[in-house]
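K.L.:
Just dropping this structure here.
The values are calculated or read from the model by the stated rules, or taken from the named source; none is laboratory data. What you are looking at is a predicted structure, and each value in this text was computed from that prediction instead of being measured. Here the Cβ positions follow ideal geometry from the backbone for every residue, glycine too, while neighbour counts run over all protein chains shown.
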Ligand code: PRX
């Protein structure tokens, strides 16, 4: 059995090209109150001031001990930030706000059912809950500094509570996106070596109460099969006092958190002072192999970076009601729902459910009711709201001053709807380009000081110096109109420290391609390879075209083609599998699976169905393919590699280039006929 291997340029190649767009200027009202309104900030963060410029961000935090070295490059490219510094991330996000703001809302949680009450959690209440849950983790589960714990939690306030409780203890949290399957969660439990899983019995999505506990049992089973024992499963109840799942609790393993908490009422757990370089959390993402990568983020550098970028790029003020409508199960939620906004002591809104439930006015109703001033979401949500409820925003009395888009390229016409209709032309919009690995923004406009350009994220952010290289490492000049690989020439505090347990892969994936000298300890010799194709306009703004590696970005979710193909190969009849991206009106990209069967097996709808179900089981519903095509053979090179790029070309009705050197060029026409007939 084989899966398609190593064909670059999957997404970038099928990207559309558009003309240069006109600039939009930030409204004067925004500039008048912006956190960064003095252009002198560009001088303070220019290359001559690197790396000490980032002290300005670090000083937003409370340190137990100051660092002696801003950036230690001794073990390049395993960069160390603020070495010698000590701090606690939970203290910075909770305790230090108590003196002045104990009664201010830290979190406002909006449940999906509109009949259920919104829950406001003040900083004082958050402090209480975090302390009590930290006591559970420490005293009941026996977790200690440096241990890992996996969460498989949906969009409920218990998730930030659990994250902050870990941070308080120096325990490393690893949240797996709630929409992922139990099997996917189990793999991540095993990879991180967690012996405790924190989950919830159910949650609401699109009007349905999802039985989430069932996934915990699958996760524990999958982890066991990979050799990882799970001793404890802590189950929060969506309706405290009432169990909402059909799945039985397992004796001696599963406990209801509310019952255990009853033993720890009023507990106070001192925050553990941690070295700046201590890992704060792992966030798994997809890459070029089937094994997910646990991106390890630091305490001091990460928190510094998300606090700084939240202040200057999200323009968060302590008195704001800020709503990032992303999932905390992804890096955006970690950085820009939890750590960044809470480090700045603002009010962060969490919404449990789907943005279009029960109708397309929901998001705008929430914004109106809570008085949201800053709104943050992804192009997929914007496309959906624009298509299904184009005139809804005008019906609600809300006023954003700042809006963000993140996670995927945004088409200029979608951007304009976001700005003109969703934002009522009153708000500044930032398009922020970055990745799970990066901790925080890499490319964006500084909202009061740099004009917006639809479809472009903007230049590198403060202190971050991107460049586009061709395959040989030559710089592709701005304004040349040529695409290449976007890289970052320098480290920044939010960069991940390594891939958990796989330092060689960290080096190989992100640094090997453009490293100038593997023995060098000078950061200038270690450009970071981001894995995205991009074009830089003459004004320095970048337009991100999409992944150049084996990753497909579906509705802002990163899916590894190898993971998809491995899942398809679990179907008995399947001999070969190739996953390719296709352009999708709403989700940006969708997955199409091509499979070839073992000899003697008949193609049929049942097999197409089995492949789709296998992908849901192994990864989750978000990965379900748009189509499964059973083909007689795959286009292959003479050495037998499946040419995913050629298949993607066919699927997108694009030019597939010269195929005469393939081992079997005739199958290209066969597949093309079939697809064109049936699509
Ligand atoms: O291809 C880029 C795309 O999303 C990828 C990173 O995905 P993930 O690690 O899940 O993080 C998403 C949220 C930070 C990138 O390699 N991407 C992210 N932001 C943008 C984007 N593409 C275009 N424009 C963006 N603003």
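K.L.:
Restricting to the stretch 416-444, what's the tally of residues that are over 12 Å from the mean Cα position of the chain (by Cα), within 11 Å of the ligand (Cβ to nearest atom) and either over 14 Å from residue 315 (Cα atoms) or assigned to a loop (DSSP other than H, G, I, E, B) (or both)?
P.N.:
Qualifying residue count for the region: 3.
K.L.:
So, residue 543, is that one within 12 Å of the ligand (Cβ to nearest atom), touching a residue at least 12 places away in the same chain (Cβ under 8 Å), assigned to a strand (DSSP E or B) and more than 29 Å from residue 616 (Cβ to Cβ) or not?
P.N.:
yes
K.L.:
Taking the residues in the stretch 400-415 that are away from the ligand (no atom under 15 Å from the Cβ) and not in a loop (DSSP other than H, G, I, E, B) as candidates, determine which candidate is surrounded by the fewest Cβ atoms within 10 Å (Cβ to Cβ).
P.N.:
Of everything passing the filter in the stretch 400-415, 413 is surrounded by the fewest Cβ atoms within 10 Å (Cβ to Cβ).
K.L.:
Given the residues 458, 484, which is the only one that is over 22 Å from the mean Cα position of the chain (by Cα), buried (at least 20 other Cβ atoms within 10 Å of the Cβ), within 16 Å of the ligand (Cβ to nearest atom) and farther than 30 Å from residue 188 by Cα?
P.N.:
Going through 458, 484 in turn, just one is over 22 Å from the mean Cα position of the chain (by Cα), buried (at least 20 other Cβ atoms within 10 Å of the Cβ), within 16 Å of the ligand (Cβ to nearest atom) and farther than 30 Å from residue 188 by Cα: 484.
K.L.:
Shifting gears a bit: Looking at the stretch 352-383 only, could you name the residues that are within 19 Å of the chain's Cα centre (by Cα) and either within 16 Å of the ligand (Cβ to nearest atom) or buried (at least 21 other Cβ atoms within 10 Å of the Cβ) (or both)?
P.N.:
353, 375, 376, 377, 378, 379, 380, 381, 382, 383
K.L.:
Oh, and also: Looking at the stretch 606-616, can you tell me whether even one residue there is free of Cβ contacts under 8 Å to residues at least 40 places away in the same chain and more than 25 Å from residue 222 (Cα to Cα)?
P.N.:
Yes: the stretch 606-616 contains one or more residues that are free of Cβ contacts under 8 Å to residues at least 40 places away in the same chain and more than 25 Å from residue 222 (Cα to Cα).
K.L.:
Taking into account only those residues within the stretch 76-116 that are more than 25 Å from the chain's Cα centre (by Cα), in contact (Cβ under 8 Å) with a residue 12 or more places away in the chain and in a loop (DSSP other than H, G, I, E, B), which is surrounded by the most Cβ atoms within 10 Å (Cβ to Cβ)?
P.N.:
Taking the candidates together, the pick is 85.
K.L.:
Write out, first by first residue and then by second, each pair whose Cβ atoms fall under 9 Å of each other, whose residues are 6+ apart or on separate chains, and whose first residue, in the stretch 425-437, is at positive phi while the second is within 11 Å of the ligand (Cβ to nearest atom) and modelled with pLDDT under 95.
P.N.:
Going by the 9 Å Cβ cut-off, there are no qualifying pairs.
K.L.:
Tell me which strands (runs of 3 or more DSSP E) are completely within the stretch 166-231 and hold 2 or more residues being surrounded by fewer than 24 Cβ atoms within 10 Å (Cβ to Cβ), or say none if there are none.
P.N.:
Once the strands (runs of 3 or more DSSP E) in the stretch 166-231 are filtered for at least 2 residues that are surrounded by fewer than 24 Cβ atoms within 10 Å (Cβ to Cβ), what remains is 202-205, 208-211.
K.L.:
Please state which one of 176, 161, 156 is without any contact (Cβ under 8 Å) to a residue 40 or more places away in the chain and within 26 Å of the chain's Cα centre (by Cα).
P.N.:
Exactly one of 176, 161, 156 is without any contact (Cβ under 8 Å) to a residue 40 or more places away in the chain and within 26 Å of the chain's Cα centre (by Cα), namely 161.
K.L.:
Are any residues in the stretch 364-388 touching a residue at least 60 places away in the same chain (Cβ under 8 Å), in contact with a strand residue (DSSP E or B) (Cβ under 8 Å, 6 or more places away or on another chain) and assigned to a helix (DSSP H, G or I), and if so, which ones?
P.N.:
Scanning the stretch 364-388 gives 366, 370, 379, 380, 383.
K.L.:
Just to check your reading of the model, which residue among 473, 463, 494 is more than 25 Å from the chain's Cα centre (by Cα) and in contact (Cβ under 8 Å) with a residue 40 or more places away in the chain?
P.N.:
One residue alone meets the criteria, 473.
K.L.:
Regarding residue 143, is this residue assigned to a strand (DSSP E or B) and closer than 25 Å to residue 197 by Cβ?
P.N.:
For residue 143, the condition - assigned to a strand (DSSP E or B) and closer than 25 Å to residue 197 by Cβ - is not met.
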